[in-house]
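A.B. asks: First, the structure itself, so that you have it in front of you.
The values are calculated or read from the model by the stated rules, or taken from the named source; none is laboratory data. These figures come from a predicted structure and were not determined experimentally. A quick note on method: Cβ atoms are made from the backbone with ideal geometry, for glycine too, and the neighbour counts reach across all protein chains shown.
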């Protein structure tokens, strides 16, 4: 008889490790399976926003950020055509005069700490094995377990559980059989590690923008190491024959801040150039009993805003609450489990929609590849430069602290109309107004086709309005438009 568990988790990454540790601490018997338990070495998952840190604290895993040379992140600096703009996170209500903090770090070190937390949990069994198949009941279609093979073995092992959670990442091998939506690749990031870099704004994530290049991200991942991610659209130049290095020298060098140039040039020659696809996968409602997809296997957005792990840890918090023994005494109660997982889909929507829409919309503007988007890019920078709530609430959305889509839509269209205002304000003559009016309409149209399709892809947007009304937060005192958005929700719905 093959061993049985309360839940099987496929993949011991950000989601799998943290969820395994959390469910195990609740007394559930968990099988956590990972193909390779060696420390991963990737250029993803290196920045955790303040909202993600808060979720990590709720899970009791905050100490996983200790001992890995994680760097406090207190905000962003946007460098637009050479002009810097510092955007701090919101003030920490527990420590007046200081900002809330995120963390940036080496991905592999953080994952190793999360895995250690799972391994040290008594109810969690950790197995190094490759999952070959999800086993479904032939009559009901319900997933009841997995078939896997260990390293250097062709012998299949079978494990069973009433719930199987698939968290096998960006290139999930099981997604296509359970999720109808297709992954869209928008661009690629090429990653470099800059040694002993002279960072323009320490403890800030940097977004370097300009009219002649796509976004460049810069943030510390250690005391002496800084990550640079360079966005490239279209076909990626070959790293093997030297084309990629030549592309970076010819295209990127002139856009790198002077203080970073020496370390950037050394990195091109000495570092191993690696790339990753920037993918988008809207979330889908769960339609299969016995299985739940989480993390990048389920929902992805452009990594420009660094919101992936914030969504992931929020999802882990929700799942651990919905499937806790207090909510579901027996995970074999398939009807109750299915109801809870459906509830999860709606409860996650407010935060995930904000992060997903913001990531896709900002990338479209920051990567501006036509005249309307370039105008919106300039308008966005000047809008944020106004300070006050024009700056604090957008960064609150970005950091995962304002889970209200209407706040996002409000600011997005404020940026669009402010862009139009700038166009009229800077007109050389009033006789240009008719031409500018026509161009303003095209800018407004472009803004709409950037943001609205992403919102609709999140499915049944109006249902989010209900979520606004039932969420209880203490954000109103820090972000006044939140209270107004709730009133708008009630009137609109």
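A.B. asks: Quick one: how many residues across segment 351-396 are over 22 Å from residue 216 (Cβ atoms) and free of Cβ contacts under 8 Å to residues at least 60 places away in the same chain?
C.D. replies: Qualifying residue count, segment 351-396: 5.
A.B. asks: Considering segment 190-246 alone, what residues qualify as being in a loop (DSSP other than H, G, I, E, B) and within 21 Å of residue 48 (Cβ to Cβ)? First the steps, then the outcome.
C.D. replies: Initially, segment 190-246 is screened for residues in a loop (DSSP other than H, G, I, E, B), giving 196-203, 211-212, 223-224, 233-242.
Selection gives 197, 199, 201, 202, 203, 223, 224.
A.B. asks: To continue, here is another question. Every residue in segment 146-167 that is in contact with a helix residue (DSSP H, G or I) (Cβ under 7 Å, 6 or more places away or on another chain) and either modelled with pLDDT under 95 or outside the structural domain of residue 294 (by TED's automatic domain parsing) (or both), please. Spell out how you get there, then give the answer.
C.D. replies: Restricting attention to segment 146-167, the residues satisfying the condition of being in contact with a helix residue (DSSP H, G or I) (Cβ under 7 Å, 6 or more places away or on another chain) are 162-163, 165-167.
Within segment 146-167, no residue meets the criteria.
A.B. asks: Shifting gears a bit: Looking at (1) in contact with a helix residue (DSSP H, G or I) (Cβ under 6 Å, 6 or more places away or on another chain); (2) in contact (Cβ under 8 Å) with a residue 60 or more places away in the chain, which is the one condition that is false for residue 284?
C.D. replies: Condition (1) is where residue 284 drops out.
A.B. asks: I'd like the full set of residues that are part of a strand (DSSP E or B) and farther than 14 Å from residue 218 by Cα, limited to segment 87-105. Write out each step before concluding.
C.D. replies: Step one: filter segment 87-105 for residues part of a strand (DSSP E or B), giving 87-88, 91, 99, 102-104.
If the condition is that a residue be part of a strand (DSSP E or B) and farther than 14 Å from residue 218 by Cα, then 87, 88, 91, 99, 102 are the ones that fit.
A.B. asks: Here is a further query. For residue 292, work out the one condition from (1) surrounded by 24 or more Cβ atoms within 10 Å (Cβ to Cβ); (2) in a helix (DSSP H, G or I); (3) modelled with pLDDT of 95 or more it doesn't fulfil.
C.D. replies: (2)
A.B. asks: Of 21, 12, which residue is outside any helix (DSSP H, G or I) and farther than 24 Å from residue 354 by Cα? Talk me through it step by step, then tell me what you get.
C.D. replies: On the way: 21 fails: outside any helix (DSSP H, G or I).
Testing whether each residue is outside any helix (DSSP H, G or I) and farther than 24 Å from residue 354 by Cα leaves just 12.
A.B. asks: Further, regarding this structure: Take the conditions modelled with pLDDT under 95 and surrounded by 19 or more Cβ atoms within 10 Å (Cβ to Cβ) and apply them to residue 90. Does it pass?
C.D. replies: Details: modelled with pLDDT under 95: yes; surrounded by 19 or more Cβ atoms within 10 Å (Cβ to Cβ): yes.
In short, yes.
Per-residue answers, yes or no, for (1) within 21 Å of residue 205 (Cβ to Cβ); (2) crowded, with 20+ Cβ neighbours inside 10 Å:
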site: 16; (1), (2): no, yes
site: 52; (1), (2): yes, yes
site: 55; (1), (2): yes, yes
site: 112; (1), (2): no, no
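A.B. asks: Hey, another quick one. In segment 114-123, how many are in contact with a strand residue (DSSP E or B) (Cβ under 6 Å, 6 or more places away or on another chain) and crowded, with 23+ Cβ neighbours inside 10 Å?
C.D. replies: 1
A.B. asks: Right, another one. Mind checking which residues of segment 394-434 are more than 24 Å from residue 88 (Cβ to Cβ) and not in a helix (DSSP H, G or I)?
C.D. replies: Within segment 394-434, 426, 427, 428, 429 qualify.
A.B. asks: Still on this structure, I have one more. Here are some residues: 257, 262. Which one is outside the structural domain of residue 55 (by TED's automatic domain parsing) and farther than 28 Å from residue 186 by Cβ? Let's see the steps before the verdict.
C.D. replies: Values: 257 fails: farther than 28 Å from residue 186 by Cβ.
So the residue among 257, 262 that is outside the structural domain of residue 55 (by TED's automatic domain parsing) and farther than 28 Å from residue 186 by Cβ is 262.
A.B. asks: Shifting gears a bit: Looking at segment 316-324, is at least one residue crowded, with 24+ Cβ neighbours inside 10 Å and within 10 Å of the chain's Cα centre (by Cα)?
C.D. replies: Scanning segment 316-324 turns up no residue that is crowded, with 24+ Cβ neighbours inside 10 Å and within 10 Å of the chain's Cα centre (by Cα).
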